[in-house]
Structures are given as structure tokens and as C-alpha cells.
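Q: Below: one structure in C-alpha cells.
The values are calculated or read from the model by the stated rules, or taken from the named source; none is laboratory data. These figures come from a predicted structure and were not determined experimentally. Cβ coordinates were reconstructed from backbone atoms using ideal geometry, including for glycine residues, and neighbour counts include every protein chain displayed. Remember, those area values only see protein heavy atoms, side chains included, never the ligands or the DNA or RNA. Shrake-Rupley method; radii C 1.70, N 1.55, O 1.52, S 1.80 Å.
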Amino acid sequence: MIVDDFRSDTVTRPDAGMRAAMAAAEVGDAVYDDCPTTRRLEAMVAERLGKEAALFFPTGTQANLAGLMAHCGRGEEYLVGQMAHTYRLEGGGAAVLGSIQPQPLPNEPDGTIALDAIEKAIKPNDFHFAVTKLLALENTFNGLVLPDAYLQAATRLARSHGLATHLDGARLMNAASASGREAAWIAAQFDSVSMCLSKGLGAPVGSVLVGPVDFIAKARRIRKMLGGGMRQTGVLAAAAIYALEHNVTRLGEDHRRAAALAQVLARFPDLGAAPSRTNMVFMAPKGLDTSAFAAFLRGRGIAVSGRYGTLRWVTHLDVDDASVERVSEACEIFFDRQKAPVEVTAQA
Ligand SMILES: Cc1ncc(COP(=O)(O)O)c(C=O)c1O
């Protein structure tokens, strides 16, 4: 049984207060735009992010895809980080479902895409090329907060070439909390932003896409086409409203706990733990069997996730200081066992 689940901040379960808000939600048919609670959530997010309009989606993937498709048409392209979620981890949806060509560019170690790489990738007006329409960034990116000056410079550059800008702000509130910037300031750099409610904010389902009124009207049509027109979403929107009212200011606690976890893991040099990035800690263990380590942890009720040869730990509402303490104990035991002298049996 998993007791301490560090795989992702998506694993949280609604608490009693959130469930009560869901049970009490006023609902209507949201496809007819008749659901008062969903409308309240959309108005709340639009206001909080300083945008004209907002639209509720079942997932971050669909909110991003609808955003990309509202910005780009068939045969047009978006510039995106090679390791960005909207390129690498959304099933190729922009290309498959949107006929949009991705132009992936290397992500620098700080999560940015070099400005000259962006500039060089913007295609000239020549019929050989797809038409470059959009720059898509992600913040936080693998837990990293993109620097304020970078957000301004990259979006200014995009605008100067007539490109639109989209932010995958799945963890926008983590970025805001860690940078001390208002979420609206970050959102103001972009034409459109998607934000997940089902990650660190703790709602069970949902993302919101924000942007200008005409853009959101276009996204609404695309959402329907993608099968995301849901009906009595008020029960989900109520959870999201509860999340925004109760779980934003506490994100700093997740960041503090991730820093404590990084310190614990750094005591074991073989783990190759890096300092924490908001609510995430990454490890690139060297000379260590990562699956054996992960399996050992799992045997003690601790779950972590692994991808591309790294292990990732994420803090959230459902892990606490005792969870970090249990990780510390588990690591002590794991490495003590590794140090234990190997018994040599006498050869006959
Ligand atoms: C940065 C980022 N963007 C978008 C998404 C997609 O969200 P969803 O899982 O709700 O589709 C995720 C999910 O993990 C994410 O981490």
C-alpha cells in the first residue's frame, strides 16, 4: 500500500471541505453555458489572471490543445521546448488532431528556450515553410520558475515577429508563489494561459484556459469538437473554486517541504539529488540500480516516479513532514544495507 505518494501533485484526493462544496454545488448544463458554478469559476479565474474570458476543461492536455488550435490552423506551426509538456507529453495532439506542425527547440538547463534559437526558428514568408504563428512556453517547467526578465523578453520577441504567445501554466500558481509575482503579472505576458486545478491546488479534475473573448469563443467550439463539452460541471467547478480559495497560499508549504526533502536526499551522494525546484526534486542516481531503489521504497509504502533515467519526487497536499521523515529513514536503511559486508563462503 502506498502511504507517502511522491509520484506527482496530481495524486491528491479531495478533502472533506472540498467534497462538501461539491455536494452543495448548484449545477446546470455547461454546454448551454447554463451552469452557475462553472460560470462563477470561469469568471473568478479570468479576473484572477487578468484576462477577458475563461473556459473550463476536463484536463490540462485538452486546454492546451484547444489553445494551440485556437491560435494555429492547419499547416501553421508553434515554437515549443523540446521537453515541454505541450510537445512531448500530450500524445502529439497538436499535430495529430490540430494539423499543427510543432517546431521543437532545445530547453536550456533553466527551462528557457534561447532567444536566438526562437528568432532563428521563425520561418520567413516563403511558401516552402509552414507559417510560424505561436510561441508556447511552460511555467513552472519541471518545477523551475522561468525568470521574469526572460518571460518579458521572449514574449516581446515573439510579438515583434507577429506571433501569438501561449503559456502552459499547469503550475502557474506554484510559479507565482515561488517568484513572489502575482499570477496575473505572469499571465499578462501571454495572450493565453492554461492553468490546472488538479495539480498542486488539489481539485480532482479540471483546467481553465484564459484569453481574449474571441479567442475563448473559438476555444469553446474546439472544446466541443474534442469531446470536452461536459454537462453538470458545477460539481467539479465547486471543487476548483474551493481549491482556489483554500489551496493557493499554502503552496509555499509544498515548496518548503520539497527543499527539506532535497536536503534529506542530498545526504546520500549516490542518489545525485538536485536542490528542489518549487514542489519537485529530481535525482539522477549514478552507479545505483534505480528500479531496485524505487522498489525498496515502494516496499516501505513510498512511491516516486521515474522518467528519462531520473527519479522525481513531488510534494503536495497529501504528504507532510512525517512523509519526509519516513523517506529519510528508508534511505538510511537502504544505504546501510548496501554497505553491509558481503559474506564470503569458503570454496570447497
Ligand atoms: C506542465 C504540464 N502541462 C500540462 C499537463 C496536462 O495536464 P492533464 O494531466 O490534466 O492533462 C501536465 C500534467 O501533468 C503538466 O505537468
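Q: Which lysines does Lys218 reach when only Cα atoms under 17 Å apart count, and residues fewer than 8 places away in its own chain are ignored?
A: Lys51, Lys133
Q: For Cα pairs less than 8 Å apart in space and 6+ apart in sequence, what is the mean separation divided by the residue count of region 250-338, i.e. the relative contact order in percent?
A: 29 percent
Q: Relative contact order for the chain: what is it in percent, counting Cα pairs under 8 Å that are at least 6 residues apart?
A: 25 percent
Q: Between Met225 and Ile333, 0.36 nm times their residue separation minus their Cα-Cα distance comes to what?
A: Contour length minus the Cα-Cα distance gives 33.6 nm.
Q: Scan around Gly306 for amide H atoms under 5 Å from its own, H built in the peptide plane at 1.01 Å from N, and keep only partners 5 or more places away or cross-chain.
A: For Gly306, whose amide H was placed from the backbone, the distant partners under 5 Å are Arg312.
Q: Here's something else I'd like to know. May I ask you to order 51-57, 252-258, 237-243 by the average number of other C-beta atoms within 10 Å around their residues, highest value first?
A: 237-243, 51-57, 252-258
Q: Given N residues in region 29-68, what is its alpha carbon radius of gyration divided by 2.2 N^0.38 Å?
A: 1.18
Q: With +1 assigned to the C-beta of every Lys and Arg and -1 to the C-beta of every Asp and Glu, and no other charges, what is the dipole magnitude of the chain about the Cα centre in debye, to the nearest 20?
A: 480 debye
Q: Between region 18-96 and region 267-299, what is the separation of their alpha carbon centroids in Å?
A: Computed from Cα coordinates, the inter-centre distance equals 33 Å.
Q: Keeping every protein chain present and rolling a 1.4 Å probe, give me the accessible area per residue for the chain in Å². Display every interim value, and only then the final one.
A: Working: 15800 Å² over 348 residues.
Normalised by residue count, the accessible surface of the chain is 45 Å².
Q: Right, another one. Amide H to amide H, which residues 5 or more places from Phe141 or on other chains are under 5 Å from it, using H placed in the peptide plane?
A: Leu146
Q: Which three lengths, in whole Å and largest first, does region 250-338 cover when its Cα atoms are put on their principal axes?
A: 37, 24, 20
Q: Averaging over all projection directions, find the projected area of the Cα convex hull of the chain and quote it in nm² with one decimal place.
A: 21.0 nm²
Q: While we're on this one: ³J(HN,Hα) across region 128-136 via Karplus (A = 6.51, B = -1.76, C = 1.60, θ = phi - 60°), whole Hz, x for Gly/Pro?
A: 5, 9, 5, 8, 6, 10, 8, 10, 10
Q: Still on this structure: Cα-Cα pairs above 26 Å in region 192-324: how many percent?
A: Percent of Cα pairs beyond 26 Å in region 192-324: 41.
Q: Of the heavy-atom accessible surface of the chain (probe 1.4 angstrom), what whole percent is carbon and sulfur? Present the calculation step by step, with values, prior to reporting the outcome.
A: Working: 8250 of 15800 Å².
Carbon-and-sulfur percentage of accessible area, whole number: 52.
Q: Which of the aspartates and glutamates could a cross-linker span from Lys123 if the Cα-Cα distance has to be under 12 Å and same-chain partners fewer than 8 positions apart are dropped?
A: Of all the aspartates and glutamates, those that pass the test against Lys123 - Cα under 12 Å, at least 8 places apart if same chain - are Glu76, Glu77.
Q: Accessible area of Ile216, 1.4 Å probe, to the nearest 10 Å²?
A: 10 Å²
Q: Would you pull out the residues with amide H under 5 Å of Thr59's amide H, same chain only if 5 or more places away, H placed 1.01 Å from N?
A: Answer set, sorted by chain and number: Ser207.
Q: Using each residue's phi in region 26-34, evaluate 6.51 cos²θ - 1.76 cosθ + 1.60 at θ = phi - 60° and report the 3J(HN,Hα) Karplus result to the nearest Hz, with x for Gly and Pro.
A: Running phi through 6.51 cos²θ - 1.76 cosθ + 1.60 with θ = phi - 60° gives 7, 10, x, 7, 6, 5, 7, 6, 10 Hz.
Q: From the protein chains alone at 1.4 Å, what is the descending order of accessible area for Asp33, Asp214, largest first? Each step should come with its number before you reach the end.
A: Details: Asp33 50, Asp214 110 Å².
Greatest to least solvent exposure: Asp214, Asp33.
Q: Provide the three semi-axes, in whole Å and in decreasing order, of the ellipsoid equivalent to region 89-170 as defined by the square roots of 5 times the Cα gyration tensor eigenvalues.
A: 21, 17, 11
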